[in-house]
Amino acid sequence: MTQNPTLTRRPISQTAKVLSLTPRGKNLYQLTLKLATLGPFADPGLFARLRSWGPAPAAYPLLDRPFSIHRYRPNQGELDFLIRPVGLGTNLLTQCRLGDPIQLLGPLGQGLGNLIPDYKNRPFYLVAGGVGLAPMANLIDQSKGPNHLFYGEREGQSLIDKAYLTSFAPNFTAVSEDGLGYGEKGLVTQSLKAALERERRTIFACGPQGLLAALAPLARSYGVNCYVAAEAYMACGLGVCLSCGHYLVDGSRIRLCQDGPVVDGLLMDWEKS
Amino acid sequence: MRPNLTVQIGSLTLKNPLIAASGVYGYGLELADFCPPESLGAVILKGISLTPWPGNPLPRAVEAAGGLVNAIGLENMGVKAFLTKALPPLKARKAVVGANVIGRTLDDYAQLAQILAQSPVDFLELNISCPNLAQGGLSFGSDPDQAARLTADAVKKAGDKPVVVKLPPLVTDIALLAQKVIDAGATAISLINTVPALVINPRTRRAALGNVTGGLSGPPIKPLALRQVYLAAKAVKAPVIGLGGIFSALDAAEFIVAGATAVQIGTAILADPGSPLTILKDLFDFFSQENIPSVPSLRGTLKGPNEP
Ligand SMILES: Cc1cc2nc3c(=O)[nH]c(=O)nc-3n(C[C@H](O)[C@H](O)[C@H](O)COP(=O)(O)OP(=O)(O)OC[C@H]3O[C@@H](n4cnc5c(N)ncnc54)[C@H](O)[C@@H]3O)c2cc1C
Ligand SMILES: Cc1cc2nc3c(=O)[nH]c(=O)nc-3n(C[C@H](O)[C@H](O)[C@H](O)COP(=O)(O)O)c2cc1C
Ligand code: FES
């Protein structure tokens, strides 16, 4: 993996406006922002810092929250996020009203294009766990394919609305661990393994660390590349606080917010964090 | 009249009293687009040790009580990479650069001081909140005599570089600690470092941080920091650099009133990387509006609520 301490792409700080906030499942929202300034948001896996509450310390939470770019429509100046409320910051963001100002800092990090410049022309197996689905739409929107998306939730009732999923992902397999909802019962890794048996393709994945860790041995055994958008708590997203430090298998360390979030999953030391 | 915000820390002249604190400004260039290092009085870089340190397991930070609790574990690139990679581009921009020095033994600090004495860094900040391995992990700063020895050794090796000693917040007698390190030859003291803290999830009965405990920073520690700065500034003639929860120009002014000559901005930079520039502009406005000509005219002017 190339470690890139100085990004050529510069994040922009801007005040965007809430254009729409659409429920996309039981506990999932698509937040569409009207940008004041366009930027290079397209590379899948890039993220941005968002804040819908006032500046600290007058308003809490203290820090902005990081979210993957879900979809980007530069011609309309629109940027989408897919947000699952899990705490104060995500609850505030998913309770915004139309027209509300959102402080946005981004794009941040390295996307898939940093590792595979011609990602638009490559066939992929896309693997998403939970809200790790967010950056997959960005790739599918740009890709000439063919792609197949494997999307899993722990609970079937948490699956994203099927109609919305179908609207951006023509080929998908949805699974859940409890077998509820429209998904088959099972794990994404099982469906992925069956697909790899039939045809080998590069993997692009996003989701909980356990899932990303489980993909590495699978990719190795089928001899395919495995790129992942990895998550860690990120206080700054700008490479200064080291709250996102992670080990590589060679023992060196990276900052996931700068050298990632998209990294070569086979180079990550998933045992040590 | 335009207020004069320059301040003097020993032989060092800072163009304004705002300093980026160690640990939130990386190695000095990451945030240059938001807050150019040369626009501040000085920037202090991430703590550096003799050899690279790996840091603590994840998660390394969590919000609590309106502040931030971190246990980064002083991960850093080591002094060699610091001198060859981080420092040259910063000095080329004419930034005033402080090196935050960390070690596990007294000798580590002295060795680092000797190495940095030959480098273009403008000053040293000894972070004495590190666990002293020889003393079973207690911080050097928790024992004033030990802190004085560490300071004296490092000052001897630092040549003509000003040496600032950064004090921890929770000590029996902050005035005594301040006196001891100044008597040992420190140019100035800075305080406070983060406040030891613990965040627990009661449902899982797990600590939030990989290191279990961490250090609290940000708005909730400001009153605690102000009190320690006030007591330390009364105890020593040398300059005091105040920090802890500074998010606005008024916060910075409070520290100066309490006795600080300069202030550092930490967690506020994580919340908004452009905040030091906003604070600087607002501080100029504050001095102008209040008709205060310079920082020394405001420094240490604290009175009780009923004093005439
Ligand atoms: C690169 C990246 C991309 C992400 N993309 C998405 C996305 O597209 N959609 C989505 O719903 N979520 C995404 N997340 C997760 C999202 O940032 C957290 O859910 C959110 O920050 C929680 O904030 P809160 O105030 O609601 O919760 P809190 O009550 O603060 O915390 C709830 C949980 O979220 C975690 N968390 C809190 N702050 C952060 C932070 N700054 N960074 C990472 N985790 C945090 C906490 O560790 C805790 O486990 C992403 C995270 C990262 C690092
Ligand atoms: C993420 C993070 C990393 C830090 N790293 C260091 C460090 O390497 N050396 C040091 O002396 N202080 C370090 N600190 C402490 C700050 O410099 C400062 O003393 C403390 O955060 C209080 O100031 P604040 O409330 O303005 O943040 C760190 C603080 C944070 C939040
Ligand atoms: S989140 Fe601060 S360095 Fe990565």
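Expressed as a fraction of 2.2 N^0.38 Å, the C-alpha radius of gyration for the protein assembly as shown is 1.02.
The calculated FRET efficiency for the pair A:Lys26 and B:Ala65, based on their C-beta separation and a Förster distance of 25 Å, comes to about 0.20. Full extension of the segment from B:Thr204 to B:Lys85, taken as 0.36 nm per residue of separation minus the current Cα-Cα distance, would add 38.6 nm. Kirkwood hydrodynamic radius of region A:112-267, from the reciprocal of the average inverse Cα-Cα distance over all distinct pairs: 16.0 Å.
Which distance in Å, rounded to a whole number, links the C-alpha centroids of region B:188-210 and region A:212-273? Using only Cα atoms to place each centre, the spacing works out to 25 Å. Counting, for every residue in A:237-250, the Cβ atoms of other protein chains within 10 Å of its Cβ and taking the mean gives 6. Once backbone amide H atoms are built at 1.01 Å from N, A:Val262 has A:Gln110, A:Ala230 as its partners under 5 Å, excluding neighbours fewer than 5 places away on the same chain.
Shielding of peptide B:260-273 by partners, expressed as the average count of other chain Cβ atoms within 10 Å per residue Cβ, is 4. Less than 5 angstrom separates the built amide H of B:Ser190 from those of B:Val165, B:Lys166, B:Leu167, B:Ile241, all sequence-distant by 5 or more or on a different chain. Direction-averaged projected area, Cα convex hull, chain B: 16.2 nm², rounded to one decimal. Gain on full extension, evaluated as 0.36 nm per residue between A:Asn75 and A:Ser252 minus their Cα-Cα distance, stands at 59.6 nm. Think of chain A as a dipole: +1 on every Lys or Arg Cβ, -1 on every Asp or Glu Cβ, centred on the Cα centre; then among A:Gly265, A:Leu46, A:Leu31, A:Leu31 lies furthest on the positive end. Considering the options A:His70, A:Pro57, A:Gln95, tell which one lies farthest towards the positive end of the dipole of region A:1-103, charges being +1 on Lys and Arg and -1 on Asp and Glu at the Cβ, about the Cα centre. Looking along the dipole axis, the top candidate is A:Gln95.
Other residues within the sphere of radius under 11 Å centred on the Cβ of A:Glu155, judged by their own Cβ, net out at -1 (K and R +1, D and E -1).
Taking amide H atoms as placed 1.01 Å from N in the peptide plane, the amide H of B:Ile265 lies under 5 Å from those of B:Ile19, B:Ala20, B:Ala21, each 5 or more residues away in sequence or on another chain.
Model label sites at A:Phe168 and A:Ala58, defined 7 Å from Cα along the beta-carbon direction, differ in position by 3.4 nm. Evaluated with a Cβ-only charge set (Lys, Arg +1; Asp, Glu -1), the protein assembly as shown carries a dipole of roughly 460 debye about its Cα centre, given to the nearest 20. Based on the alpha-carbon gyration tensor of region B:144-222 and its eigenvalue square roots a ≥ b ≥ c, which shape applies: rounded if a/c is under 1.5, prolate if not and a/b is larger than b/c, or oblate? Verdict is prolate for region B:144-222.
Taking 25 °C and 0.890 mPa s as conditions, region A:5-108 diffuses translationally at an estimated 178 µm²/s according to Stokes-Einstein applied to its Kirkwood radius (Cα pairs). The calculated FRET efficiency for B:Thr105 paired with A:Arg10, based on their beta-carbon distance and R0 = 41 Å, is about 0.50.
Using 0.36 nm per residue and subtracting the Cα-Cα separation, the extra length available between B:Asp183 and B:Met1 on full extension is 61.7 nm. In a simple Cβ point-charge model (Lys, Arg +1; Asp, Glu -1; nothing else charged), chain A has a dipole of about 480 debye relative to its Cα centre. What does the charge count around B:Ala253 come to, taking other residues whose C-beta lies under 12 Å from its C-beta (Lys +1, Arg +1, Asp -1, Glu -1)? Summing Lys/Arg as +1 and Asp/Glu as -1 gives -4. Annotation for A:Leu267 and B:Thr172: the two label points, set 7 Å from Cα along the Cα-Cβ direction, are 5.2 nm apart. Note on A:60-73: average number of Cβ atoms from other chains within 10 Å of each residue's Cβ is 2.
This model, with +1 at the C-beta of Lys and Arg and -1 at the C-beta of Asp and Glu, gives region A:144-273 a dipole about its Cα centre of some 320 debye. Three principal axis extents describe the C-alpha atoms of chain A; from largest down they are 53, 42, 33 Å.
Can you tell me the order of B:253-264, A:62-73 when each peptide is scored by its average per-residue count of other Cβ atoms within 10 angstrom, highest first? Please report the intermediate quantities before stating the final value.
Values: B:253-264: 25.7, A:62-73: 23.0.
Per-residue mean Cβ counts within 10 Å order the peptides as B:253-264, A:62-73.
The modelled label-to-label distance between B:Phe284 and A:Leu98, using points 7 Å beyond Cα along the C-beta direction, is 4.2 nm.
Separation of region B:237-308 and region A:103-138, taken as the distance between their Cα centroids, equals 44 angstrom.
Ordered by packing density, taken as the mean number of other Cβ atoms within 10 Å over each peptide's residues, highest first, how do A:199-205, A:221-227 rank?
Taking the mean over residues of other Cβ atoms within 10 Å, the ranking is A:199-205, A:221-227.
Among B:Ser190, B:Ser297, B:Ser142, the ranking by other beta carbons within 10 Å of each residue's beta carbon, starting with the fewest, stands as B:Ser297, B:Ser142, B:Ser190. Dividing the convex hull volume of the alpha carbon atoms of region B:11-109 by its residue count gives 142 Å³ per residue. The listed peptides B:198-209, B:176-187, B:79-90, ordered by packing as a protection proxy, come out as B:176-187, B:79-90, B:198-209 (highest mean of other Cβ atoms within 10 Å first).
No value in this document is a laboratory result; all are computed from the given coordinates. What you are looking at is a predicted structure, and each value in this text was computed from that prediction instead of being measured. Cβ atoms come from the backbone with ideal geometry, glycine included; neighbour counts cover every protein chain shown.
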